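**Q** Got a structure here, written out as structure tokens. Questions coming.
The values are calculated or read from the model by the stated rules, or taken from the named source; none is laboratory data. The shown structure was predicted, so the numbers you read here are calculated from the model rather than taken from an experiment. Note that we place each Cβ from the backbone using ideal geometry, even for glycine, and neighbour counts take in every protein chain shown.
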Amino acid sequence: MAGGLSGGVCGGFVTFQLLRYPTAFGSLGVLVALYAAGTHLVRGRTAVAAAATGAYVAFAVALHNAGSPERFEEFVTFWLVLALCWAVGAGVRTRAVREAERRRRAEEAVVAAERARIARELHDVVTHHVTAMVVQADAAGYLTGQDDKVAAGPSAISDTGRLALGDLRCLLGALDGTDDTEHSRRGPAVGELPELVARSRAAGHPVELVEQGEPRPMTSAAETAAYRVVQESLTNALKHAAGERTVVHVRHGEAWMDLEITTDGTALHELRAADARAGLVRGAGGGVLLFTVTIGVIGLFGGYRTAGWGSFVGFLAVLGLMCAVAVTEELLFRGVLFRIVEELAGTWGALAVSAGLFSLLNLINPNATFRGGLATAVEAGLMFGAAYAATRSLWVPIGLHLGWNTAELGIFGTTVSGNDDTLVGPVHSTTSGPSALTGGAFGPEASIVAVLVCAVPTVLFLRAARREGRILPRAAKRA
């Protein structure tokens with residue numbers, strides 16, 4: 001997923017540069033993309049780096065042949081900047097891997113120190129009470145005589161207690177590292193995995209069991225441990241990834257058994273591939289619709305009119321640029337900043353901080369105004385944050401951002417966030433009238449109409465988030 005997103009952003013950057021459009025803030029997306037690729041790419045890192053270098057050489061040659069004023073040393077310097085972003089990401093990944101290995105070893109040491117103590121306490125406390133329960137259930141069954149209906153209850157208690165005792169003995173053997181061959185009764189075995197998988201399928205979860213090799217004799221403790229690992233993994237898959245295909249892969253060796261339980265999808269649920277198409281379509285469609293309503297109301301009051309036709313090529317350039325802008329800004333403000341602040345200050349705090357910083361970012365644009373910055377904080381910062389809070393997916397805010405910006409410049413030909421864009425979409429347009437209506441030099445985003453139109457989906461998103469229990473309190477209250 002990181003490689004695909006990075007490739008898309010870099011492709012948009014290359015297209016933008018080859019079409020000779022002026023540099024915009026969205027161009028920084030290529031630096032973020034390379035950092036993300038260096039951080040998250042797992043396989044084929046050397047091959048990808050070599051291919052990217054070759055592609056950059058071809059890109060530089062194409063720019064030079066197109067009449068670019070950049071000199072050779074400038075191309076080399078920019079390549080070094082790109083390589084540095086990749087290297088920083090790779091360094092972060094290497095450090096994370098080392099830290100994970102250090103923590104794993106520390107955890108193993110703690111586990112080894114605790115296992116014997118837990119085994120002793122379980123033996124002294126739990127086993128004693130379960131044994132007493134079994135004895136009393138057997139006595140109750142004897143006293144009821146031949147009444148089968150009355151005896152059924154104590155009999156079930158007795159059987160369940162014996163199963164619990166067997167599982168406890170296996171667990172104790174696994175904890176203190178001793179073999180349990182002295183016990184004739186065995187706990188859940190690997191041979192019972194097909195039944196476990198069948199029960200998960202019956203619960204509506206798609207599960208496959210794949211076995212390789214011939215099963216070998218194992219201790220009861222080892223078989224029970226393997227069974228519990230699969231059981232807990234399937235429970236977690238059903239709870240946290242319901243409906244996703246899960247594969248239980250069992251490999252039998254000479255003196256070992258390897259278990260691998262995988263569930264389709266991604267650990268980062270905000271960018272699940274399964275949600276990409278629906279989220280982007282809904283978001284982009286909503287963004288185009290919202291801006292169409294905004295410009296329609298402005299036009300209704302005489303603040304907008306078309307002045308001629310532009311070009312379809314210009315629309316494609318706008319679309320490529322806005323793809324880079326939407327992905328970069330949403331990953332930074334919602335994917336990173338919002339999530340970090342939400343852990344500390346809750347959802348409301350994250351909405352306020354991310355919207356405020358998003359507004360400050362737009363104040364550095366050439367024709368920025370205070371009203372324009374305040375308007376973008378409300379209509380964009382809050383709306384995109386509310387969309388993320390309601391869906392817990394980044395695809396919807398990315399789509400909203402892309403649809404709004406593309407409609408603003410690529411379809412209706414108006415100014416985006418005060419930028420002096422030379423890009424021309426399908427139409428040329430002009431705005432006139434009070435700045436409160438048209439947004440002035442900042443563009444329609446600074447219009448009171450845009451604020452009111454975008455306030456409606458913002459409220460709806462926040463109500464949906466509250467209804468679904470996705471409004472998180474501050475860390476202090478959660479504690």
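**Q** Applying the selection to segment 299-330, what residues are within 25 Å of Ser432 (Cα to Cα) and modelled with pLDDT of 85 or more?
**A** Correct list: Gly299, Leu300, Phe301, Gly302, Gly303, Tyr304, Arg305.
**Q** Sticking with this one: Give segment 290-312 a look and list any residue that's without any contact (Cβ under 8 Å) to a residue 24 or more places away in the chain and either out of contact with any strand residue (DSSP E or B) (no Cβ under 9 Å at 6 or more places or on another chain) or buried (at least 24 other Cβ atoms within 10 Å of the Cβ) (or both), or say none.
**A** Leu300, the sole residue that qualifies.
**Q** Quick test of your reading of the structure: Ala326 fulfils all but one of (1) crowded, with 19+ Cβ neighbours inside 10 Å; (2) of a type outside the set (Ser, Thr, Tyr); (3) closer than 25 Å to Val207 by Cβ. Name the failing condition by number.
**A** (3)
**Q** Condition (residue is in a helix (DSSP H, G or I), in contact (Cβ under 8 Å) with a residue 24 or more places away in the chain, under 20 Å from Leu460 (Cβ atoms) and touching an Asp or Glu at 6+ places or on another chain (Cβ under 7 Å)) applied to segment 359-373: is it met by at least one residue?
**A** No, that holds for no residue.
**Q** Still on this structure, please answer the following. List the residue pairs whose Cβ atoms are under 8 Å apart, where the first residue sits in segment 49-75 and is under 23 Å from Ala37 (Cβ atoms) and without any contact (Cβ under 8 Å) to a residue 24 or more places away in the chain, the second is small (Gly, Ala, Ser) and assigned to a helix (DSSP H, G or I), and the two are 6 or more positions apart or on different chains.
**A** Phe75/Ala60
**Q** Would you mind finding the one in Leu316, Leu382, Leu344 that is of a type in the set (A, V, I, L, M) and buried (at least 17 other Cβ atoms within 10 Å of the Cβ)? Write out each step before concluding.
**A** On the way: Leu316 fails: buried (at least 17 other Cβ atoms within 10 Å of the Cβ); Leu344 fails: buried (at least 17 other Cβ atoms within 10 Å of the Cβ).
Residue meeting the stated conditions: Leu382.
Each row is one residue, and each column tells you yes or no for (1) β-branched (Val, Ile, Thr); (2) crowded, with 24+ Cβ neighbours inside 10 Å; (3) modelled with pLDDT of 85 or more.
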| position | (1), (2), (3) |
| --- | --- |
| Ile340 | yes, no, yes |
| Gly349 | no, no, yes |
| Leu357 | no, no, yes |
| Leu363 | no, no, no |
| Asn367 | no, no, no |
| Thr376 | yes, yes, yes |
| Ala390 | no, no, yes |
| Leu394 | no, yes, yes |
| Asn405 | no, yes, yes |
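**Q** Inside segment 283-320, can you point out the residues that are within 39 Å of the chain's Cα centre (by Cα) and of a type in the set (Gly, Ala, Ser)?
**A** Within segment 283-320, Gly283, Ala284, Gly285, Gly286, Gly287, Gly296, Gly310, Ser311, Gly314, Ala317, Gly320 qualify.
**Q** Let me ask something else about it. All but one of (1) modelled with pLDDT of 70 or more; (2) under 23 Å from Val325 (Cβ atoms) hold for Thr23; which doesn't?
**A** Exception for Thr23: condition (1).
**Q** Return the pair list, or none, for Cβ contacts closer than 8 Å from residues in segment 321-349 that are touching a residue at least 60 places away in the same chain (Cβ under 8 Å) to residues that are charged (D, E, K, R), at least 6 apart or on different chains.
**A** Going by the 8 Å Cβ cut-off, the qualifying pairs are Gly335/Glu270; Leu344/Arg474; Ala345/Arg474; Gly346/Arg474; Gly346/Lys477; Thr347/Arg470; Gly349/Glu342; Gly349/Arg474.
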